[in-house]
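Following: one structure in structure tokens, then a few remarks.
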DNA sequence: GTCTATAGTTAGATAGAC
DNA sequence: GTCTATCTAACTATAGAC
């Protein structure tokens, strides 16, 4: 229940609140503060381990005030995830597909924002269970990021720019897997793992032209989509 | 608390049990049944989301009987993890290091055992928090598997068998990251992701000789350890 | 079986912002 | 005066542990 990805729309009568939050300036700011506080708590303790009272304490609001803005724990988690993944999701529908340069840039940025990587990995791992509140969210997320990255690499594939044995999709899955896997390693040993550097290295091994050239190539000349990969 | 990775040794007096379980044949079997039941529950719900009563129900023992065999939830989780990772840990101290063929073989085996991959990914993700009961366990696990795989690849590196730009350690980290990342993708789309196949593909891109040849090469002739990689 | 702690959630009333 | 924000209080369920 409550797996709705659409925010608006008709709510079940049982869950309708007496007042609608977020319309006053004060409320908007507090909503943001709650999301900021919730991010590291969900990241460190996971969904079940995190408590709403702890999150409320972290940002100095009362427990009941928190529930005024996010009437259920599920909705709070989804709101945090949506805000976190926003930068990536913006590119899901890009014409040329998800640029690899964007993935690397995001990896470079993420290591500067404490808790973001931890949230993503914890949430994506525990969401593999079908009854997890964020299951549908992440199932859709992976579907779309794989599809988008595959679209991007199809142009390269049709020009023979991929290493032997790779299809556009397998290359996309490998690059995304490397990113996720390295982020976990980074959480255990932040000095020894350079996520973005290793991603660039892998990309340079899988794609036989420099990353910048590939971005420009795909942006400038849309692939003629010859071979189906 | 209770982050001990060593099993034996002096226990705190407060936690000493009145009788030691697992010495009678019946107790040994029951212990195994509990571990079998605990694996998928921890994997699906995570550490905090899993309940001892649910685990006990799954294997038909009483809640208090379970607590006789595993006096605390922390210890139960660690016992499950140790048994799950046993096959990999066996190779941590191998002379030539962790063979890549072993990693691929394990990946091939894991997709046949429901819950094992889910447990590993959930536990390794949430254990990145320093206060998680399995934090020390997984910090040590990653240390050793990276070191062991690096040792294995050092021989290849010293003979110039790695793709341009790779050191033994970076190659090891990439291969391990690909494995972990693909396993998450596999949990979301089991038909679309062939973990072992993609691992072989990546290995063939990073190491410039066939995997079988590399295993034989390293087993037969220990590397002269020329260049420090 | 009991105990203690804490979880998420709900109801209602009051005070404040628009 | 209406909508929003916040607070006090309580409920029900379940957790791990003894």
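Couple of notes before you dig in:
- Inter-copy label distances for residue B:191: 4.9 nm (label point placed 7 Å from Cα along Cα→Cβ; shortest first).
- Between 0 and 90 degrees, the angle of helix A:73-89 with respect to the longest Cα principal axis of chain A falls at about 30 degrees.
- Relative packing of peptides B:188-194, A:122-128 - highest average C-beta neighbours within 10 Å first: A:122-128, B:188-194
- Restricted to Cα atoms, segment A:70-204 shows a radius of gyration and a Dmax of 15.4, 52 angstrom.
- Label-point spacing for residue B:210 across the identical copies (point 7 Å from Cα in the Cβ direction), in nm and ascending order: 3.7.
- The protein assembly as shown - mean residue ellipticity at 222 nm from DSSP helices (-39,500 (n - 2.57) per run, n ≥ 4, rounded to 500): -20500 deg cm²/dmol
- For the peptide B:143-149, the mean number of other protein chain Cβ atoms found within 10 angstrom of a residue's Cβ is 1.
- Seen through its C-alpha gyration tensor, with square-root eigenvalues sorted a ≥ b ≥ c, the protein assembly as shown comes out oblate because a/c lies at 1.5 or above while a/b is not bigger than b/c.
- The label-point distance for residue B:216 and residue B:83, in a model that sets each label 7 Å from Cα toward Cβ, rounds to 3.9 nm.
- Centroid-to-centroid separation of segment A:190-204 and segment B:58-95 [C-alpha atoms, Å]: 34 Å
- Ordering of B:90-96, B:163-169 by burial proxy (mean other Cβ atoms within 10 Å per residue, highest first): B:163-169, B:90-96
- Label zone at residue B:28, where the point sits 7 Å out along the Cα-to-Cβ direction: segment B:74-88 residues whose backbone N lies under 11 Å: none
- For segment A:169-194, no residue has its backbone nitrogen under 17 Å from a point 7 Å from the Cα of residue A:93, taken along Cα to Cβ.
- Whether segment A:36-81 is rounded, prolate or oblate, judged on the alpha carbon gyration tensor where a/c under 1.5 counts as rounded: oblate
- Annotation: extensible slack from residue A:190 through residue A:72 equals 39.1 nm (criterion: 0.36 nm per residue apart, minus Cα-Cα distance).
- For chain A: rounded, prolate or oblate by the Cα gyration tensor [a/c cutoff 1.5]: prolate
- Inter-copy label distances at residue A:86 (7 Å, Cα→Cβ; nm, one decimal): 4.9
No value in this document is a laboratory result; all are computed from the given coordinates. Only a predicted model underlies this, so the values are computations on that prediction, with no experimental measurement involved. All Cβ positions, glycine included, derive from the backbone under ideal geometry; neighbour counts span all protein chains shown.
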